[in-house]
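Data block below; observations after.
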């Protein structure tokens with residue numbers, strides 16, 4: 001994945017794609033921070049799962065910014081954030097659709113033996129381990145709440 005970032009940066013530089021270049025540089029800077037954090041914890045470099053989580057976090061931050069800019073009538077800033085989202089999403093694996101997510105949540109509930117909302121952490125933990133970067137965990141969390149009995 002790190003190699004893909006480097007190649008994307010070179011391609012954007014050659015093609016003169018300023019937005020793509022700045023976004024890839026931003027990803028690399030965030031990754032460097034993540035690596036420093038991981039080394040501080042004695043783990044070496046950030047793992048692929050951590051990189052995927054970082055990219056998803058960056059997308060979520062930009063989606064929040066888009067909503068704020070749209071409310072404030074700052075269309076040019078909202079468009080800039082949308083362009084960055086598109087670039088970042090290009091590095092993520094294909095996202096699971098609603099039916100795939102539901103099937104994965106049901107399988108995780110069955111595999112963990114979850115019987116109530118108290119077991120939600122186990123289910124989400126299993127989903128994160130198996131589907132990092134492929135699933136919208138906010139939606140998955142809602143499905144888990146819907147499928148697990150209260151109690």
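No value in this document is a laboratory result; all are computed from the given coordinates. Please read all numbers here as calculations on a predicted model, not as lab measurements. Please note: Cβ atoms are built from the backbone with ideal geometry, for glycine as well, and neighbour counts cover all protein chains shown.
Once you sort the root eigenvalues of the Cα gyration tensor of segment 98-147 as a ≥ b ≥ c, which label holds: rounded (a/c under 1.5), prolate (a/b larger than b/c) or oblate (the other case)?
In terms of gyration-tensor shape, prolate.
Using only Cα atoms, tell me the angle between helix 98-112 and the longest principal axis of the chain; keep it within 0 to 90° and round to the nearest 10.
It works out to around 50 degrees.
If you average the alpha carbon positions of segment 55-72 and of segment 73-151, how far apart do those two centres end up, in angstrom?
When both Cα centres are located, 18 Å separates them.
Treating the angle as unsigned and between 0 and 90°, give the value, to the nearest 10°, between the Cα long axis of helix 48-72 and the longest Cα principal axis of the chain.
70
If one takes the longest principal axis of the Cα atoms in the chain, at what angle in degrees, from 0 to 90 and to the nearest 10, does the Cα axis of helix 2-15 lie?
Approximately 40 degrees, to the nearest 10.
Of the listed peptides 122-134, 3-15, 24-36, what is their order by residue-averaged count of other C-beta atoms within 10 Å, with the highest listed first?
Order by mean packing, descending: 122-134, 24-36, 3-15.
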